Structure formats: C-alpha cells, structure tokens
Amino acid sequence: MESGDKVWEVFIQKKSGLPFKHAGSVHAYDKKMAIQNARDSYTRRGEGRALWVVPAEAIISVPLDEADAYFNPSEDKIYRHPTFYDIPDGVENL
Amino acid sequence: MDKYQAAFDAIIEKDDRVEPRDWMPDDYRNNLIRQISQHAHSEVIGMQPEGNWLLRAPSLRSKQVLLAKIQDEGGHGLYLYSVAETLGVSREEMIDQLHEGKAKYSSIFNYPALNWADIGAIGWLVDGAAIVNQVSLQRTSYGPYSRGMIRICKEESFHQRQGYEIMLHMAKGTPEQKEMAQDALNRFWFPSLMMFGPHDADSAHSSKAMQWKIKRESNDTLRQKFIDKTVPQAEFLGLTVPDPNCKWNEETGHYDHSPFDWDEFWAVVNGNGPCNKERLDHHKKAHNDNAWVREAAVAYAKKTESTLV
C-alpha cells in the first residue's frame, strides 16, 4: 500500500437513536478525507444521518477459531436471563 | 479431512456465508479475488464509454442523470475493491495487475459509445445484463461480496431504466432517431449476451465456482433469463433484435438464439477489441497524472494528524 493511504472502516447511523452499523470500508489519507469518502461512497441516497470512520488497523477482533472458547461461558449461566426465575401467577408488573 | 475444511464445507452446505476471518481453501480465496477484482475493474473502466458523452448529453436532465450513474459506477468499483481487500489483496496490487494486463475487466467496455443512442443501449442492455448477473450473486457464499451485491443492485435499478428511457425517446422520435436506436441495438445485442461468459461446457472457472456457491446460476441460465426479459422490451420499442433465429419457442418456454461468434469474443478478451488499448492507456494516464494528488494528500495528512476532524 502507498504510504499514507489507509483503509478506514465506515459505520452509519440511519436515524437518531439507532445504533451505528458497519457499512464497509474506504481508502483515505486523513480523517477529513475518510469521512468525505465515506459520505460519497455509502450515503448517496440518504442512508445516514451520522457517520463514523475508524482506521481499520484499530479494530481488534476475536480470532474465529477461538470464538467458541470466548463465548461459551455465557451459555451455562442461564440465571442471567429473566425466564430462569419462578414468579407465582398473580404477581404483576414484574 | 481436517476440522477447518469440514467447517468450511458445512458453511457452504448450509447456505451460510463465509466471512473474512473464516478459514477457506486457497483456491476459493483466489477464485474470489480473481472474480471480484475483475468485477471492480469493470465498474471503473465502464465509466469511460459513458464519460465520453457527459459533455454532449442532449439536455441538462440527461446530463445530471448520466453523471449520477457514472458516479454510482465509480462507487460500485470502490465497494468491490473493499470486498476483495477483505481477502488479503490490496487495492494497489489489483490496480497494478490491471495495468500489467494480468487482471481483466468485462469485454463489453472495449466497444465504443459512438452516439447518444449507444448511451441508451448501454444502460438498457449492458446494465441490464449486469443486473441479471448481480441479482444472482446476491446469494453468493462469500458474505462481504453478497452484501456488496445487495447494495449495488438496490442502487443500480435506475441505471437500466434511464437507458430504456433514452431508447424509448429515440425509438418514438424521428425516423433518423429510430434508426440510430436500431443501430445501437444491432451493435450491442450480441456483445451484451456474451457478457455472461462462455457456454457452461467451455467455462474454465464455472464448475468449481458453482460447487462453492460463489456463482449460483450458470452462464447459460443467466444469459437465457436476460434474453427472455429483454426481447419483449425490444418489441415494445418497435425495434428488432438483430438475430433472425430469436423466436419464442413454445416447447422450451424460452426464446431461441443463433450461435454466438466466440472468435470475436475471445479476440476482444485477448486485447484485440476496438478500444482495449485506449481504455487501459486512459486508466494508466489518469492514475499517473494524478500521482501528485496522492503526494499532496500524504503531506496534508501529516500536517493535520492531531486535529479533531
């Protein structure tokens, strides 16, 4: 890759209050160019009301072949879910 | 079979999507890089025949529309380069391969756009053929490619309509205009059909790509879909498809067609089309002439590193 030309990941928020969603990536040399390129590439038809760009190298992900080990512990903790608890009929607003 | 191969096979079998960090066979990865980079280059090179008509568009409306369409094509090229980059190849490498003649783009863009009717025929037939192919690729097994195709199909639906609208105006215009429309159809018909690639029996990359669900329908199936959709549209225009054998076949439930001139197809693929050299030279020139922009951008980025936005 040419020096200075970086890949940036693009996140778009469609409406106020909604989470930002990953849309794809763009190339750019600096922050301003990244956000302008993201606008021109991903929001030509009113797809967003807010944009984030993040240098792709800043994103850290769990290696997929280790994903099982990472996420499994949450599966045996069923008491984290509301359906684990017995509440007698007649108790309301709980 | 090792567990990685088994996991990959299961994804394909279940019609799930392969994601960038998943293990995949080298051949699958290379097949995708070849196909997606070819697709990206086609979008970008495809801007040239249309760009040629921007300053000669017959009205402000048609100029505005054509500009928006060309901008979309550039954007689609960028989406596709991004998709290919998730497979471990850089955009710069892909562009080098294009310049060195190692990577191809769709042969259709090696034909010139001689007049305004050609702009209509390109939108109607070339984008029409591309859309049939891309709709099918929305279900491709590689996740980022599939998502890119969904986005591209959504954006491209206006491209074919603007082309058909031009054809409609000309076909219903003066006798000279109608003649131009017919002439454009005559020249673009067979090249558009050959955009789907060689017949299934002769297609080097097809069978593996079908097994891996990179491609979901064969070249001949997609081509036939396009013919069946398009012939009635030509009839509505009062124009004739330039193939005396193109008739509705009750038995097959499809339109027949004459054999294609594959010698011409391969001649164009192998660099001997009317505009191959021009297209590539133009791309190289634009890339090299604008090197200073990239240099300026590096300098500017250094200067503004610490600013907030």
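Nothing in this text is a laboratory measurement; each read-out follows from the coordinates by a stated rule. Please read all numbers here as calculations on a predicted model, not as lab measurements. Neighbour counts run over all protein chains shown; Cβ positions are idealised from the backbone, glycine included.
Are any residues in the stretch A:57-94 in a loop (DSSP other than H, G, I, E, B) and surrounded by 10 or more Cβ atoms within 10 Å (Cβ to Cβ), and if so, which ones?
Step one: of the stretch A:57-94, the residues in a loop (DSSP other than H, G, I, E, B) are A:59-63, A:75-77, A:81, A:85-94.
Result: A:62, single match.
Looking only at the stretch B:79-101, filter to residues that are of a type in the set (Ser, Thr, Tyr) and within 17 Å of the chain's Cα centre (by Cα); which one of those is nearest to the other protein chains (Cβ to nearest Cβ)?
Keep residues of the stretch B:79-101 that are of a type in the set (Ser, Thr, Tyr), which gives B:79, B:81-82, B:86, B:90.
When the remaining residues are screened for being within 17 Å of the chain's Cα centre (by Cα), the result is B:79, B:81-82.
Values: B:79: 6, B:81: 8, B:82: 5 Å.
Filtering the stretch B:79-101 for residues that are of a type in the set (Ser, Thr, Tyr) and within 17 Å of the chain's Cα centre (by Cα), the one nearest to the other protein chains (Cβ to nearest Cβ) comes out as B:82.
Out of (1) among the acidic types (Asp, Glu); (2) more than 30 Å from residue B:293 (Cβ to Cβ); (3) more than 10 Å from chain B (Cβ to nearest Cβ), the odd one out for residue A:65 is which?
Status for residue A:65: all satisfied but (3).
Across the stretch B:30-78, what is the total count of residues that are within 12 Å of chain A (Cβ to nearest Cβ), in contact with a Ser or Thr (Cβ under 7 Å, 6 or more places away or on another chain) and crowded, with 21+ Cβ neighbours inside 10 Å?
Selection size over the stretch B:30-78: 1.
Kindly provide the set of residues from the stretch B:142-163 that are away from every other protein chain (no Cβ under 12 Å) and more than 29 Å from residue B:113 (Cβ to Cβ), ordered by number.
Within the stretch B:142-163, B:142, B:146 qualify.
Anything in the stretch A:1-47 that is more than 7 Å from every other protein chain (Cβ to nearest Cβ) and polar (S, T, N, Q)? List them, or say none.
A:13, A:16, A:36, A:37, A:43, listed by residue number.
So, in the stretch B:121-179, how many residues would count as being over 22 Å from residue B:63 (Cα atoms), basic (Lys, Arg) and not in a helix (DSSP H, G or I)?
Selection size over the stretch B:121-179: 1.
Would you confirm whether or not the stretch B:211-225 contains a residue that is within 14 Å of chain A (Cβ to nearest Cβ), surrounded by 12 or more Cβ atoms within 10 Å (Cβ to Cβ), of a type outside the set (A, V, I, L, M) and under 22 Å from residue B:84 (Cβ atoms)? Please lay out each step first, then the result.
Filtering the stretch B:211-225 for residues within 14 Å of chain A (Cβ to nearest Cβ) gives none.
So far as the stretch B:211-225 goes, no, none of its residues is within 14 Å of chain A (Cβ to nearest Cβ), surrounded by 12 or more Cβ atoms within 10 Å (Cβ to Cβ), of a type outside the set (A, V, I, L, M) and under 22 Å from residue B:84 (Cβ atoms).
For a quick check of your reading: which helices (runs of 4 or more DSSP H) sit entirely within the stretch B:9-109 and have at least 2 residues that are of a type in the set (Phe, Trp, Tyr)?
Working: elements: B:26-45, B:47-51, B:60-85, B:91-99.
In the stretch B:9-109, the matching helices (runs of 4 or more DSSP H) lie at B:60-85.
Does residue A:24 satisfy the criteria of being out of contact with any helix residue (DSSP H, G or I) (no Cβ under 7 Å at 6 or more places or on another chain) and either outside any strand (DSSP E or B) or on the phi > 0 side of the Ramachandran plot (or both)?
Numbers: out of contact with any helix residue (DSSP H, G or I) (no Cβ under 7 Å at 6 or more places or on another chain): no; either outside any strand (DSSP E or B) or on the phi > 0 side of the Ramachandran plot (or both): yes.
Answer is no for this residue.
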